1. Working from Cα positions, state the angle (0 to 90°, nearest 10) between the long axis of helix A:107-118 and the longest principal axis of chain A.
2. Among B:F362, A:L69, B:L349, pick out the residue whose Cα is farthest towards the positive end of the charge dipole of the protein assembly as shown, where Lys and Arg carry +1 and Asp and Glu carry -1 on C-beta, about the Cα centre.
3. Which of the peptides B:178-190, B:99-111 is most tightly packed, and how do the rest follow, going by the mean number of other Cβ atoms within 10 Å of each residue?
4. Give the relative contact order (percent, whole number) for chain B; include only Cα pairs under 8 Å separated by 6+ residues.
5. Report, to the nearest 10°, how far helix B:82-93 tilts away from the longest principal axis of the Cα atoms in chain B, using its own Cα long axis and a range of 0 to 90°.
6. Nearest 10 degrees is fine. How inclined is helix A:122-135 to the longest principal axis of chain A, computing both from alpha carbons?
7. Dipole size in debye (nearest 20) for the protein assembly as shown around its Cα centre, Lys and Arg Cβ +1, Asp and Glu Cβ -1?
8. Principal axis extents for the stretch A:129-238, Cα atoms only, whole Å, descending order, please.
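Bear in mind that the values in this text are calculations on the coordinates, not laboratory data. Predicted model only: the values in this text are computed from it and were never measured. Here the Cβ is made from the backbone with ideal geometry for all residues, glycine too, and neighbour counts use every protein chain on show.
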Amino acid sequence: MTDNDRVAVRTEGVWKTFKQEPEDVHAVSGVSLAIDAGAFVAMAGPSGSGKTTLLNLMGGLTRATKGELWVAGRELSAMSNRELARMRLEHIGFVFQAYNLLPVLTAFENAEFPLLLQGMDDDERRQRVHALFKRTGLEGLADRRPGKLSGGQQQRVAVVRAVVGEPALVLADEPTANLDSHTSDTLLDMMEELNRELGTTFVFATHDPRVMERARRLVRLVDGAVASDEHRAPTAVG
Amino acid sequence: MTTRVAVMVRLALRNLRRQARRTTLTATAMIIGGTLLMFSLPIADGTHEDWIESAVRMGTGHIVIQAPGYLASRKIDDRVPAGARRVAAEALASPQLADEILDVVPMVSVGGLASSPAGARPAQIMAVDPLAEARFSILDDRLVDGRYLEPDDRLAAYIGEGLREALDVRVGSRMVLTTQDAAGEIAGQLVRVVGVYRTGIPEIDQAVLHVPLATAAAWLGTNDDVTTLAVLVRSSRRVPAVQRVLRRSLEPIIAAGDLDVLTWREASPELDAAVKIDDFGNYLFQGILFAIIGLGIVNTILMSVMYRYREFGLLQALGFTPQQTGGLVVVEGVVLTALAGLVGIGLGLFLTWFFFRNGLDFSFAWNEEWSFSGVVMEPVVVPVFRTARVIQGLVFILLVGAIASLYPAYRATRIDVAESMKFER
């Protein structure tokens with residue numbers, strides 16, 4: 001197993017600075033991290049600690065001001081917008097706090113969307129989404145639009161959308177923030193199961209103690225820098 | 001690539017349906033524009049066809065075969081020799097052209113003087129074949145007194161009402177026509193007025209008169225020579241093609257300088273200019289109308305982009321490039337304008353269809369004798385349907401939709417994906 005296979009995401013001295021008056025804001029200050037493939041990692045910290053910004057940097061949604069950042073063995077800062085888009089499509093899945101499903105598509109169409117963009121053929125695409133819907137208890141909801149789904153159901157669809165393309169990395173930004181405790185537990189069960197069985201790497205930005213409890217690695221951020229990095233258990237894969 | 005376009009079209013259609021009120025408002029503006037476009041273009045084309053028809057039947061024909069210098073000189077010296085005239089007639093009767101040609105009318109048309117005991121006036125003397133001219137010209141339809149020329153007439157003249165008044169003559173009166181003959185001598189001819197017409201165009205009514213071609217042949221010594229062969233083509237749109245074929249067939253005698261083949265645009269540059277100016281005015285009006293509609297569409301689509309800021313950010317997070325996100329906005333704009341444009345075009349043609357048979361009567365706005373540039377404006381305009389106009393209209397509407405979408409699309413490409421995820425609507 002090469003280093004590239006073993007490490008899902010690696011940052012080296014990554015900074016993200018926002019130009020602002022009277023002085024610039026360093027949202028991320030020289031963070032160096034290596035997250036193994038198959039990890040189930042939570043990044044925690046108070047509001048403004050830089051966890052969402054770090055997540056966005058890892059996802060190629062924003063560019064680092066300084067430093068280097070590798071996902072699936074490829075350095076992001078050198079990539080063009082087109083290459084970044086391709087990278088996100090093929091190697092990164094996202095789960096957002098506000099679910100962010102496309103309102104004009106059904107649950108099934110939302111879930112299959114990344115595969116559609118990848119150009120996967122109809123049969124394989126449907127088979128893959130059906131299998132995940134079955135595994136995550138979304139059967140029977142496939143034809144519903146997001147407006148007709150509960151928050152928990154929408155977030156489950158978002159998780160299926162994030163993992164359906166079998167990405168190297170799933171980035172989840174406060175995925176349980178809008179859910180009640182029971183729904184949060186169910187969702188986390190599902191994500192743990194997907195992590196265990198599919199070996200998908202999950203990185204969370206969270207305030208939620210339930211997520212922190214379940215994480216096998218907990219990175220605490222304060223003022224954009226790593227304050228502590230606690231490894232609790234071996235990763236699911238590797 | 002094809003998959004992404006299909007995804008874009010699917011998203012575009014669903015988004016248009018989702019934002020029903022916004023879509024309806026934008027579509028309504030485009031439908032009104034499309035309807036006006038498809039109503040006004042056939043009317044304008046019909047008006048131009050009337051002008052052309054009126055002008056070509058006043059003497060020039062759709063295609064004019066004449067000596068190269070005649071257009072400028074209008075003198076009998078510049079005439080088509082009998083031999084060249086026969087070759088031209090044979091070319092016009094060839095299988096390649098026979099179906100395109102409605103009529104060929106020979107004439108000798110020269111400037112001269114018409115005089116009576118009451119005085120003298122300059123006149124455009126047109127020596128014509130009475131039978132052919134009756135089929136071709138609209139002057140015989142404008143008879144107000146007496147009759148038109150007949151094949152057996154020899155010393156007869158058919159004159160305009162303006163000339164009759166100026167010379168104080170009536171049907172049966174005699175008058176003298178004077179002009180230069182083929183030998184370059186001044187020659188006079190006594191004729192008797194057999195009929196009087198009125199077109200409503202003063203410059204024609206006061207000057208143009210018809211005499212039999214046989215009279216001119218003897219009087220002016222032209223024999224079978226003519227100054228003009230006026231050719232009436234079945235469809236005015238076929239004129240350039242017929243001209244090309246004729247020019248190819250008559251190449252040797254054109255090269256010899258015996259004749260030239262001109263279209264009505266070349267033979268009547270003032271009419272050509274009038275049609276072009278009118279077209280320009282129509283296009284300008286349509287341009288302004290669609291610019292206003294386009295601005296409305298820009299506003300609507302821009303609002304839609306702002307409203308869906310997070311959605312566009314999400315698409316980029318899922319793998320759309322900024323360009324593809326902009327492309328989606330353009331696809332939405334084009335799909336919306338295409339659908340609305342098609343409805344508008346259909347509605348416009350439906351409205352126009354009512355007037356295809358009997359025409360649109362503008363007599364409330366002008367009387368029957370309104371004219372300009374030597375052309376009588378008919379108060380009833382029959383619209384002309386042209387498939388090309390429908391295609392032009394649709395392409396134009398699509399262009400407006402695409403152009404109106406460009407700025408909102410640009411804004412969509414500039415979305416900060418990370419920021420958009422914080423965006424609350």
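1. 60 degrees
2. A:L69
3. B:99-111, B:178-190
4. Here the relative contact order equals 26 percent.
5. 40 degrees
6. 80 degrees
7. 2060 debye
8. 45, 30, 22
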